[in-house]
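Everything on this sheet refers to the single structure shown next.
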Amino acid sequence: MKAILIILMICAASIMTAQSLPKAVEKAFHAQFPNTEISSWKNNNSYKPLTTDVLYPTDDMNGATAIETSHVPDDTKELGLKDPLAATEYYIFFTKDNTNWTATFRTDGMFIVAHAKVDALPEKVSEAIADAFKGQIIKIVDDIQKVIVPSSETPIYRVYVKPKKGKKHIVKVNTDGTVLSNKKK
């Protein structure tokens, strides 16, 4: 009975530990987005062990029901994973300037990217897209995304544009109206 209680306490402690955002990630988030509150977060740990152990009730369990426990199976070596239960990225959801954002950070706190769906483009961005497709009839065909990356001092707008004649393009434009890329999809 004591062994089962100890196992349950360890499982509960590991669940509580798994539910806290690493300090390095939280610190990096607040440095990147000061005065911004985290709405929620998740990590990219999607590894599912191939085996599950089930502890069946015995007389020692005083009528308790079966308990499922997972362990890291031997297939981890075959998959080339060092610690398959460890996350490598954290996705943080927050609101900034009345817009819902998602930011991605590595476990060491390195900022990778943040993006948000927006309803409208700044005038300079709209003009830059119109100039890139001068003389063509175009249509914005998917969501407009505002993206923040470490390599750019200002946000970048990612827009999916479909000329009347031709294939869809992914156009990336800086806030100042500079077209950074215009690739056919």
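The values are calculated or read from the model by the stated rules, or taken from the named source; none is laboratory data. Bear in mind the structure is a predicted one, so any value in this text is a computation, not a measurement. Glycine gets a Cβ as well: all are built from the backbone with ideal geometry, and neighbour counts include every protein chain shown.
Could you please find all residues in segment 24-43 being among the basic types (K, R) and at pLDDT below 95? If the condition is that a residue be among the basic types (K, R) and at pLDDT below 95, then K42 is the only one that fits.
Taken together, A87, A128 contain a single residue that is surrounded by 13 or more Cβ atoms within 10 Å (Cβ to Cβ), farther than 16 Å from H30 by Cα and touching a Gly at 6+ places or on another chain (Cβ under 7 Å), which is A128. A single member of D74, D83, D53, D97 is at pLDDT below 95 and closer than 30 Å to V161 by Cβ, and it is D97.
Give segment 133-157 a look and list any residue that's of a type in the set (S, T, N, Q) and within 18 Å of P122 (Cα to Cα), or say none. Residues satisfying the conditions are Q145, S152, T154.
Every condition in (1) under 30 Å from A24 (Cα atoms); (2) out of contact with any Asp or Glu (no Cβ under 7 Å at 6 or more places or on another chain) holds for K183 except the one numbered (1). Quick test of your reading of the structure: K139 fulfils all but one of (1) modelled with pLDDT of 90 or more; (2) over 20 Å from T175 (Cβ atoms); (3) in a loop (DSSP other than H, G, I, E, B). Name the failing condition by number. Evaluating K139 over (1) modelled with pLDDT of 90 or more; (2) over 20 Å from T175 (Cβ atoms); (3) in a loop (DSSP other than H, G, I, E, B) leaves (3) as the failure. In segment 158-185, which residue that is basic (K, R) and either closer than 13 Å to L121 by Cβ or at pLDDT 95 or above (or both) is farthest from the chain's Cα centre (by Cα)? The qualifying residue farthest from the chain's Cα centre (by Cα) is K172.
When the residues of segment 131-157 are filtered to those that are surrounded by fewer than 12 Cβ atoms within 10 Å (Cβ to Cβ) and farther than 29 Å from F94 by Cα, the one that is farthest from the chain's Cα centre (by Cα) is G135. When A120 is tested against the conditions (1) assigned to a loop (DSSP other than H, G, I, E, B); (2) at pLDDT 95 or above, the lone failure is (2).
Could you please let me know if P122 is touching a strand residue (DSSP E or B) at 6+ places or on another chain (Cβ under 7 Å) and either surrounded by 12 or more Cβ atoms within 10 Å (Cβ to Cβ) or within 20 Å of F105 (Cα to Cα) (or both)? Criteria not met by P122.
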